[in-house]
Every structure is written in C-alpha cells, then in structure tokens.
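*Asks:* Structure incoming, see below.
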Amino acid sequence: MLNLSMANKRSIIYNIFLLFCFSFWVHTAATNILKQGDMLNSSASLVSENGFFTLKFYNLSIDEWYLSIWFKTDEKKPCWLYNRDRPFKNDSGVLLIDGNGNLKINYTGGDPIVLYSVQRNTNATAILNDNGNFALREATSSGTAEQVLWQSFDSPTDSFLPGMKLGINHKTGQNWSLTSWFNPSMPTPGAFTLEWIPLERQLVVKRRGVKFWTSGVLNNGTFKNLEILSLGEMADYNFTQVSNTDEDYLTFKIVPNGLLYGPPDPNWVNVTSLSLEYDGTMVAQKSLGMFLTIYESCDGNNKNYGCERWEGPKCRAKGEKFQKKEVIYDNSVPHSSDSNKSLSFSDCLDICWNNCTCYGTGTPVRMPDGPLLVNSDTPGCLFWYGPLKEIGNGEGGGSVYYMIIPGPPGSKLWIWILIAVAATLIVILLGILVFLRQRRLRLQGLYYQNHKMS
C-alpha cells in the first residue's frame, strides 16, 4: 500500500511538472512580453502582436546558438542577432529577466551573456514591438512599462528597419551602424559596414574602412542611388535626418503613395528593411516577401550606381574584373592558400586584385578525396598564379573560382577612334598647308613673271 501511495505521489508530481512546462511553453509562445521571472528557452518564442516578428534562439548547422529576431516573410535569415560574437554550443540557452532586473542569457558551460545590467534593483518587462524592436522597459508597481532601459534597435546587426536609427548619440557615444555577416552562413561581423555620414548627408558602405558605395546626398526624403526602392511599389521610402545637440541620425518610414488601388496592408511597413549583405551589396525586403538587390557588387573598378573606384595597381587595365568561372582544377598551375580565419571572401578578391601575378581566387575547401574547391562560406583564401582551363557547356567535374578577365574589346575602342580622328585631321591640315604654300608660290611666280614683262 505504501509503494502504491509513493507511486501515485510520483505520478502526480510528474504530471504537475509536465502541466507547468506545457503552461510555460504556451505562455511564452503566445505572447510578445517577457516578464520578470519568465524564462524563454530554445523551444519557445515571443511573437509581436501583429504577428510579423518572432524572437527566438537560432541554431546554425554547426550547433552555434544565437538570440535572434525574424521577419514573418523571411525564413532564411534573421533581421537581428545579439550574440553574434559569442554563440553558445548547445540548446540550453534561456533568456530571462532576473530578480534584479538584469536581462541576460543563461546556458550550460559558460558565463551568462548579459544584454543589460541594471544599476539598482528594478522591476522590468521586455516587449517585442510591432516594428521588430525588442525593448526592456522599467515597470511601475502597477505593471505599466515606462522608461526604456535597453532596446535591440540600439544594437543593430545587418538590417535597417523603419524607425531604426543610423548615426551617433553625442550624449552617450552610442554609434548606430550596420555590419555585414562574415559570409552567407556565419553571422560574425564581416568586412562591410553601412554608416550615416552627417556632414556629407549620405549613406556610405565601407569595406574595411574604405568607401565602397555611396547613396548620394539626401534630397527630399530620398537618395539618388536608392530611388529604385520605390519603383512599382504602393509605398515610398521616406528618409529623414534628425540633428540636434544630443543626436545626429538618419531614420526612415514607409509612406503610401496611392499607386495601387485600395489601402495598403497596415502591417506592410513593418516587413520592409534594407539589409547589408556579406559581399557589400544591399538588399531590400519589400512587400509580400519580395527581395530587391539595390546595386550589383562594386568591384572598385567602376562608378556605377554609387560604386567607388579605388586606386589599384597599374598592372590592372580599365575594364578588367572578377568573374565566376567553372574551371578544371590543375595542381600543376602555381597556387597558394592562406588559412587565416579572419579573411572573408571579399578580402580574397582584394588581395588577388592587388597582386599583379594573381589570376583568380576563392575560399578553399578540401574534399575528403578531392581537390580544393571554392566555397564562400569558408574563411581563408586560395590564389591562382596562372590560367585555368574553363569547363565547356554540358561538361561536369569542375571547380568554381573567381577569375580575373580582361575588359570588353570595346573598352579601349574610343582611344583608337580618337587616335584615328586626330591622325586624319593632322593629314588634312598638312594637306591644306601644303596646298596653300604651293598656291602662294605659284602666285608669287606669276607676279614676278608679269612684273618683268611690264
């Protein structure tokens, strides 16, 4: 009888525990609020009231976990990450507001990752807002949220959302800028940044601190090199500069323009963003989940659509550029590799471009029983110092690399045209001079002849 009683007690305790876990999961999955004492684990999420944003832990295939915010219409990549420099290796992560009001991530095997640390004991609540901003607010005794203590909009990653700021807070020293991912699958900070330059009144993409692309000067709420954003859309991007003693920043909002019949979806403005990609391009996420690449990747050798031209080695002729090629891996062709994990794909291109003996590059991946193959997801570089045979149409078994190709045949045609025109003009001018000289001599001869006869 005692054993049965003990079994019943254990069963009741177990069922209560399951009920608690289920209730907790439902609570966290169905709300946009994280209260003091709540815990959000790797299987739960917060969802904004409009349903367009989700905050959850994000796991890469290599078992690296991040706290992230996702668009409803983009299942491939989050629009915000917090611990991009410090992922943890298991699914034990829990987001919580402790008894003192600190917002942090606890996980097994490491020290807590602190998002915000209070100066004094504080009643706090975290809310995932309809614009995608996850904000920790001080709460009153009645539970009403007041002062913002911390917000995700102050720690942007690679996406610029409506209502977010790019610029600087002179009072706190806070700098708002975007930093690209290292490569398509590694969220660690990459080679490119997007910054607002107040004195120039333009957005600037930099690669390792050097200008890569510019938006043009802000004019009537838009930029010359971003005008494509509103083409064919039912709303326009309206950019605004705010400048005062405390702050100097750029923000934007979406304004309906009446292009399409009927009112736009009121939540459309919340699923619009500009994203800085790992290769320096900018992508706009637009209505209905559409994506638009604003400009093709700048290569430092042209000035199209805001691209900046860099000073390169004299051995690189105008018009030369990198092109993705499928070629036959040939170990007899001179090559070298650099396994430096801090080198991104864009660094490989830059190093090769500035080496006059380099024909092409990629990031190396060695297959178990095969050659090194290019993979932009892998750190390090592989450089080729001779030409590789290109794979023909329909053939297989090649490797993909970015090879330097010469400019189009017409890239220097205008020089030869000018030379030909100049030479023709010189010949014509000489002919005219010779004709005039001969005519003058003939007239002088006739004059002397007539003078003698008279």
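The values are calculated or read from the model by the stated rules, or taken from the named source; none is laboratory data. Quantities reported herein were computed from a predicted structural model and do not represent experimental measurements. Positions of Cβ are backbone-derived with ideal geometry, glycine not excepted, and every protein chain shown enters the neighbour counts. The accessibility values were calculated without ligands, DNA or RNA, using every heavy atom of the protein model including side chains. Shrake-Rupley method; radii C 1.70, N 1.55, O 1.52, S 1.80 Å.
*Asks:* Check the range 310-317 and report whether any residue there is among the acidic types (Asp, Glu), farther than 20 Å from residue 184 by Cα and either outside the structural domain of residue 206 (by the TED database) or open to solvent by 50 Å² or more (accessible area, probe 1.4 Å) (or both).
*Replies:* Taking every residue of the range 310-317 in turn, at least one turns out to be among the acidic types (Asp, Glu), farther than 20 Å from residue 184 by Cα and either outside the structural domain of residue 206 (by the TED database) or open to solvent by 50 Å² or more (accessible area, probe 1.4 Å) (or both).
*Asks:* Going by the structure shown, is residue 410 assigned by the TED database to the domain that holds residue 351, at pLDDT below 75 and either of a type in the set (D, E, K, R) or under 30 Å from residue 325 (Cβ atoms) (or both)?
*Replies:* no
*Asks:* Only one of these conditions is not met by residue 47: (1) farther than 30 Å from residue 284 by Cβ; (2) surrounded by 14 or more Cβ atoms within 10 Å (Cβ to Cβ); (3) hydrophobic (A, V, I, L, M, F, W, C). Which number is it?
*Replies:* All conditions are met except number (1).
*Asks:* Go through the range 30-67 residue by residue and tally those that are in a strand (DSSP E or B) and over 13 Å from residue 93 (Cβ atoms).
*Replies:* 7
*Asks:* Given 202, 174, which one is of a type outside the set (A, V, I, L, M, F, W, C), under 17 Å from residue 250 (Cβ atoms) and open to solvent by 50 Å² or more (accessible area, probe 1.4 Å)?
*Replies:* 174
*Asks:* For the range 225-265, name all the residues that are closer than 20 Å to residue 167 by Cβ and either open to solvent by 60 Å² or more (accessible area, probe 1.4 Å) or modelled with pLDDT under 60 (or both).
*Replies:* 243, 244, 245, 246, 253
*Asks:* While we're here: Of all residues in the range 318-337, which are open to solvent by less than 70 Å² (accessible area, probe 1.4 Å) and touching a helix residue (DSSP H, G or I) at 6+ places or on another chain (Cβ under 8 Å)?
*Replies:* 319, 322
*Asks:* Also, quick follow-up: Just checking, does the range 308-322 include any residue being modelled with pLDDT of 75 or more, of a type in the set (Asp, Glu), in a strand (DSSP E or B) and in contact with a Gly (Cβ under 6 Å, 6 or more places away or on another chain)?
*Replies:* No, because not a single residue in the range 308-322 is modelled with pLDDT of 75 or more, of a type in the set (Asp, Glu), in a strand (DSSP E or B) and in contact with a Gly (Cβ under 6 Å, 6 or more places away or on another chain).
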